[in-house]
Every structure is written in C-alpha cells, then in structure tokens.
Amino acid sequence: MKKLLILPLLAAAVISYSLFWPEPPISVELVQVEQGAVEQIAANSRSGTITPCRQSSLSLTIGGIIESINIAEGEVVEKDQTLLTLNSDVQRAQIKLSKGEYQAAKIEEERACELADLAKRELVRGQSLKEKGLISNEQFDQQDSESASSAHICEYQRSLSKLAADKINLLSIDQNQRTLKSPFSGTVSKINGEVGEYLTPSPPGIMTPAAVELLDTSCLYVTAPIDEVEASRLKIGQYARITLDAFRGEIFDGVISKLGSRISDNEKQARTLEVEAAFINSDEDMTLLVGYSADIEVVTSSTGSVLRVPTESVIGGSEIVIFNEKTNELEIRPIKVGAYNWTWSEVTEGLDLNDRFLKNTNDVENLLNRRVIPQ
C-alpha cells in the first residue's frame, strides 16, 4: 500500500521540478560586432583549372610505322627538336633514284646545249658564206632550222633537269613530313604510340589521339567561370587572389589577364563568363602542375571601415542571433546587410559595437529563449 502511495508522489515531484525549477544555463561562444573593411568580391561559380600559356596536341599529316621516339614523358624539349620519326626507307630510295635521274638529265642537258651552241656558231659562219655567195639560200635555211631546233632541244633538256630537281625537293618534303618536331619549347605530357606501331593521322572530321602532347609551362594561368552578375564588375588588370586545393592555406597573387567575349550557359544552372587570371611572382620553388583545381577571388570594391559580422553568423541574409544582456538569453534580431563576401557582411542597421552575437548558428533552435553563459 505504501509503495502505491510513493509512486504518485514521485511523479508529482518530477513534474513540479520540470515546471518550476529553471533549466541550467548553456555555455555558448559569443563574438562582438567589430569595425573593418568589407570587400566586394567576384568569385568563380565552380572550380577553375590551372592552364599553361601554350599547349599543343601534335600529330603528323601522314601515317606510317614509327621508327624512333626521341623523347620521354615529362622531358623538357627545345623548339625545333625532333620528337619522333616514321620509317622512310621508301622515301630515301625514291630520293636516291631521283638524284640519279637528275644527274642523267643534267648530262643530256649539257650535251643538247653544247650542240645548240655549235649549231648557232655554224649559223653565224653560214651567214658570212651566204653574203659572199659561197652557199645557197637553201643551205643557209637548213642551218637556221638546225640551230633553232638545237636551241629548243637544249631548253627541253633544261626543263627535264629542273623537273628532276623539283621531284627531289618534293620527295624531301614528303620525307620531312615523317619527322615530328617541337613547335615551341615545353614539356612532353603524353606520348601515344611505340616504336614499330603504325601511327594514324587525323583525317578531317575524325578525332584520333595526338602523337605527342606538349605543354609550355614557363607561365601558367587560371581559367574559371564567374557568374554573369559578378562578371559585369570585372576588368582586365584587377588584382585577384588565387587559392589551390593542393596548397591549402596558401594565397597566390594574380591579376585578371583576359575576359571571355561571350556569356556561356553550358552549366545550365547559371550563365557564366570565362575569366583568366595570371600568376604574379609565384614561388619558383613551388611546383604548380597543369590541371590543378583553383579558385579566384577578385576584389571589385571595398567599403572602408564599417560595422561587420562573420557572414556565417547571418541567418537568411537578414537576421542574427543576439545575446540579450538583461535576460542572459539568445534572441533573433532583424538586421540590414550591405556589402558582403564569404567572410564578412556589412551591417547597416540593427547592431552596434557593444552587441554580442552567436557565431555558430547550427543549433540555434535549441538555444533560443534559454539562459546562456558566454564563453
């Protein structure tokens, strides 16, 4: 019987405690409103990429068996350095044959032209004999015809010699086309093919892998898309901060070097402008690789000294969780935000320098109207 009476009493005690005994205060991290500059920033809408100043996918215009590869991936090459060659045994044999034909043509040319010179001298003597009446007109006409014919034969043989020389030149060009040379100094990033394999050229409209991919890494820049609204504030020459996922915490100085000529809607979610930012005095000891993901921030304007709070503390762009000094409770207060970026937001109305607020708003619903102890 006593146990039955004790249970209702305990329940009543628990209910009375929960209703009349105050909840223990919660310790929270508060920060104070401060004064400082708020920069208006234009940033990329998706990750950018480190790009070399020049890059080229090199291929030959003709196909053939790879005879030699004179480079390795990662190797630095100079301008006009031979990268690879195709087998040219047939071309070398054709050039050798054509040189023999050229020599034969030159011999025939010399012989024909010597006969032409002889016929011309005979014509001069015939003219003198005709004037003295020692030969007939018919004999003179015969000499004149033979001289003209010899001259034509000489010109014909000279043309054959030139044709043979042009043929050698044509075969030499064909042979040179079987050698791939570097158009600029750079680093070999990829080689497609091995010695003995058949290298297929890229016919119009059909993409085939390039024989050699070459990068000029002497200078690098970042390409990144920026939303069309923010892009309208950009100009060439503006200072840009560059950050890389591969070097967290590092900030590289940059400058806007190029703006795209049109807005792109490839992302479908937003229209963007392709922007290029060049590095300024990057650390020579730090190796930056082509293809690294990168972000750029361009400072388009600055407010000067204003009231500011961390952007992460602003709820919905118009509210902040303020600490009420009188009640020791947290409450939501509406504010007006001016300039802002990922780090800071300018507060134009609703706060003063004496106010303290909740920095981390992740669990704000459980903290409102509760007594708190500032850290």
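The values are calculated or read from the model by the stated rules, or taken from the named source; none is laboratory data. Since we're looking at a predicted model, the values are computed, not measured. Neighbour counts run over all protein chains shown; Cβ positions are idealised from the backbone, glycine included. Please note that ligands, DNA and RNA were not included when accessible areas were found on the heavy atoms of the full protein model with its side chains. Shrake-Rupley method; radii C 1.70, N 1.55, O 1.52, S 1.80 Å.
Using the heavy atoms of the protein chains and a 1.4 angstrom probe, tell me the accessible area per residue for the chain in square angstrom.
62 Å²
What's the local net charge at I320, with K and R +1, D and E -1, over the other residues with C-beta under 13 Å away?
-2
Check cross-link reach from K336 to the aspartates and glutamates: straight Cα distance under 13 Å, and skip same-chain residues fewer than eight apart.
E319, E346, E349, D352
May I ask for the angle, rounded to the nearest 10°, between helix 137-176 and the longest principal axis of the chain, with both axes built from Cα atoms and the value confined to 0 to 90°?
For helix 137-176, the angle is close to 30 degrees.
Using the structure shown, list the pairs from K120/K162; K106/K130; K96/K181; K190/K258; K235/K359; K106/K181 with a Cα-Cα distance above 26 Å, or answer none.
Details: K120/K162 24 Å; K106/K130 36 Å; K96/K181 24 Å; K190/K258 28 Å; K235/K359 35 Å; K106/K181 34 Å.
Distance filter (> 26 Å) returns K106/K130; K190/K258; K235/K359; K106/K181.
Report the convex hull volume per residue for the range 308-375, counting only C-alpha atoms, in Å³.
Spread over its residues, the Cα hull of the range 308-375 gives 88 Å³ apiece.
For the modelled label position 7 Å from the Cα of S302 along Cα-to-Cβ, which residues of the range 230-244 have backbone nitrogen atoms closer than 12 Å?
Of the residues in the range 230-244, 239 have backbone N under 12 Å from the label point off S302.
Net charge near L171: determine it from the other residues with C-beta under 12 Å of the C-beta of L171, scoring Lys and Arg +1 and Asp and Glu -1.
Here the count lands on +2.
Return an integer: the convex hull volume of the alpha-carbon atoms of the chain, in Å³ per residue.
Hull volume over Cα atoms, normalised by residue count, gives 310 Å³.
Find how much the distance from L368 to S232 grows on full extension, using 0.36 nm per residue of separation minus their present alpha carbon separation; answer in nm with one decimal.
Stretched out fully, the L368 to S232 stretch lengthens by 44.9 nm.
Please find the FRET efficiency linking C53 to K162, where r is the Cβ-Cβ separation and R0 is fixed at 41 Å, and quote it to the nearest 0.05.
On the way: r = 45 Å, r/R0 = 1.09.
Between C53 and K162 the formula returns 0.35.
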